[in-house]
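Note sheet for the following structure.
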Amino acid sequence: MPFSIEMVGALAAAVTTLCWLPQIAKMIRERQTQGVSLVANLVLSTGLVLWMVYGVLIGSWPVIVANAVTLALILAIVGLKLRYG
């Protein structure tokens with residue numbers, strides 16, 4: 001795949017991955033997760049694992065890295081949800 005296409009993918013991955021940071025910061029700051037759905041985040045985690053597998057199968061580093069980082073952030077949200085209820 002051409003470098004410019006991979007860079008578009010990498011930029012899209014960075015933006016959609018980093019969008020979770022403000023949510024995590026808010027949850028930590030307020031110690032409140034009432035509006036966060038545990039089930040939705042667990043389903044999203046499953047989808048992210050599948051996207052990572054897909055990325056490995058097609059050999060696309062933006063897909064692999066973005067979904068691995070997003071998975072870590074979503075699992076942090078799940079952990080905060082379990083901790084703060």
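What follows is calculated from the coordinates using simple rules that are stated; it is not laboratory data. If you're wondering where the values come from, they're calculated on a predicted model, not measured in any experiment.
In table form, for the structure just shown:
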quantity	calculated
Computed over region 3-84: relative contact order in percent, which uses C-alpha pairs under 8 Å that are six or more apart	43 percent
Per-residue [θ]222 nm for the chain (sum of -39500 (n - 2.57) over DSSP H runs n ≥ 4, rounded to 500)	-28500 deg cm²/dmol
Chain lengthening between T16 and Y84 when straightened (0.36 nm per residue, less Cα-Cα)	22.0 nm
Matching label, Cα extents along the principal axes in Å computed from the structure shown, candidates (1) 53, 40, 20; (2) 45, 21, 14; (3) 39, 26, 20	(2)
Kyte-Doolittle at least 0.5, axis length at least 24 Å by Cα - qualifying DSSP helices, the chain	38-58, 61-84
